[in-house]
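Undergrad: This is the structure I have questions about; it appears just below.
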Ligand code: SOE
C-alpha cells in the first residue's frame, strides 16, 4: 500500500533527543510532515533549552528520561552520538514511543537484533533514516531493476566519498570510538551505500572481502585512532552479481558523493546522490539521461516527486519524505520502502562483516 507523503493522518507529537546537525535536519522534516515539535532533550538541560530555541521546539526537558515520561509525546527522534543510540531507542520503545533512530541503530549486531525484536514485539513504528531511498530517482532505479528489463544483474559498483576529514587536524565526535563506535567511515556512510545498493538491487550481499585504512591515526590531539578513514570492499550478491565499493571520508573535493551503478545483462543504471534529479541508463547501442518528470516515472518515484519536472529536489526533500512516511506509518499506513529497525540490524551485520574481514584478511559471510 502506498500513502500520500503530503497528507499525514494526524499531527504526530515529536520529541527530539540531541541538538546538532542531524537534529536540525530531523526537526525541519518533522515540521514539513505537519508534526508538532513538542519536546527537546539533550546532554544537559541548558543544551536542550538552546536547541529548543534554535530549532523552534515548544518545550525543553531537563533530561531524556523526562521527555520519555511525557504521555503527550508520540515519537522520539534519536539524534545523538552513535554509541548512545541503542540505549535511547530501547528506552523509548519501553516507554511505548515510536522511534526514529539515527544510524547506526547500534554499534553491534546483538544490540540491533534486540531492538528490532523489541520494536516488532511492541508493534511500534521503529525507523532508521536510510534517506537516500527517498530520492525519487533512486526509487526509479529500483523500479527499473525490478521490471527485469535490465536483465539479470551481473555487476554492481558504488562509492560514497566525503572530505570533511581530509584535513589531518579536522575533528568530530565520530572520530572518538567512545562516541562513534568501532567503525567510523563504514558505519557512518558505508551503511547508506550498502542500504541503497541492496534496496535498488532488490537483493542482498552474501559475502564480502574488505580492506580498511586509517590514514591519519593522530588528529586534533587524539592519538592512535583505530577507526577507519577508508574502506574498499569486494562483494558477492545473492543472485551471483559481483561488485566493488569504495568508502572514504578523506577524498579531497568530494562532499557527499554517493554513487551506485548496477549492470544487468542488457542495461546499466547509475544514480548519483549529488545529481539526484536524473538517472543514467546505458545500453550497448547508446546511453541516455532520464530527468525526473513525475508524469513519466514509476508510481513510487512519482509519489515522492513533490514538484513538477524542472523544479529541483534534494537531500532535505528526501529526508522530509522519509519522516512523512514514518509519521504516516504511525498513523496506521504501510508505506513502501520505509527503512526500519530490521534494516538497521542488517546494516549492523554488514558492518560487522566488514570489520571481521578487514581484521582477518579473509572473506566474511554476512549474517542473514
Ligand atoms: C557525515 O558523514 C554525514 O552527515 C552522515 O552522518 C550522514 O548520515 C550522511 O547522510 C551525510 O554525511
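Undergrad: Which one of these is crowded, with 22+ Cβ neighbours inside 10 Å and farther than 25 Å from residue 191 by Cβ: 69, 52?
TA: When all the criteria are applied, what remains is 52.
Undergrad: Being out of contact with any helix residue (DSSP H, G or I) (no Cβ under 6 Å at 6 or more places or on another chain) and either surrounded by fewer than 21 Cβ atoms within 10 Å (Cβ to Cβ) or outside any helix (DSSP H, G or I) (or both) is true for just one of 62, 149. Which residue is that? Steps first, please.
TA: On the way: 62 fails: out of contact with any helix residue (DSSP H, G or I) (no Cβ under 6 Å at 6 or more places or on another chain).
After applying the criteria, what remains is 149.
Undergrad: If a residue must be assigned to a helix (DSSP H, G or I), buried (at least 23 other Cβ atoms within 10 Å of the Cβ) and more than 16 Å from the ligand (Cβ to nearest atom), how many such residues does segment 118-141 contain?
TA: 6
Undergrad: Next question, about the same structure. Out of 262, 246, I need the residue that is touching a helix residue (DSSP H, G or I) at 6+ places or on another chain (Cβ under 8 Å) and either in a strand (DSSP E or B) or not assigned by TED's automatic domain parsing to the domain that holds residue 174 (or both). Which one?
TA: 262
Undergrad: Could you list, in sequence order, all residues of segment 262-315 that are within 16 Å of the ligand (Cβ to nearest atom) and surrounded by fewer than 12 Cβ atoms within 10 Å (Cβ to Cβ)?
TA: Within segment 262-315, none qualify.
Undergrad: Looking at (1) touching a strand residue (DSSP E or B) at 6+ places or on another chain (Cβ under 6 Å); (2) not assigned by TED's automatic domain parsing to the domain that holds residue 87, can you tell me which one residue 171 breaks?
TA: (1)
Undergrad: Another question about this same structure. Is there a residue being modelled with pLDDT under 95 and either in a strand (DSSP E or B) or more than 13 Å from the ligand (Cβ to nearest atom) (or both) anywhere in segment 209-216? Walk me through it before giving the result.
TA: Quick first cut of segment 209-216, residues modelled with pLDDT under 95 only: none.
Among the residues of segment 209-216, not one is modelled with pLDDT under 95 and either in a strand (DSSP E or B) or more than 13 Å from the ligand (Cβ to nearest atom) (or both), which makes the answer no.
Undergrad: Please go through segment 205-226 and pick out each residue that is touching a residue at least 60 places away in the same chain (Cβ under 8 Å) and surrounded by fewer than 18 Cβ atoms within 10 Å (Cβ to Cβ).
TA: 206, 207, 211
Undergrad: Determine which member of the set 67, 105, 115, 55 is within 16 Å of the ligand (Cβ to nearest atom) and farther than 17 Å from residue 327 by Cβ.
TA: Within the list 67, 105, 115, 55, the selection yields 105.
The values are calculated or read from the model by the stated rules, or taken from the named source; none is laboratory data. All values derive from a computational prediction rather than experimental measurement. A quick note on method: Cβ atoms are made from the backbone with ideal geometry, for glycine too, and the neighbour counts reach across all protein chains shown.
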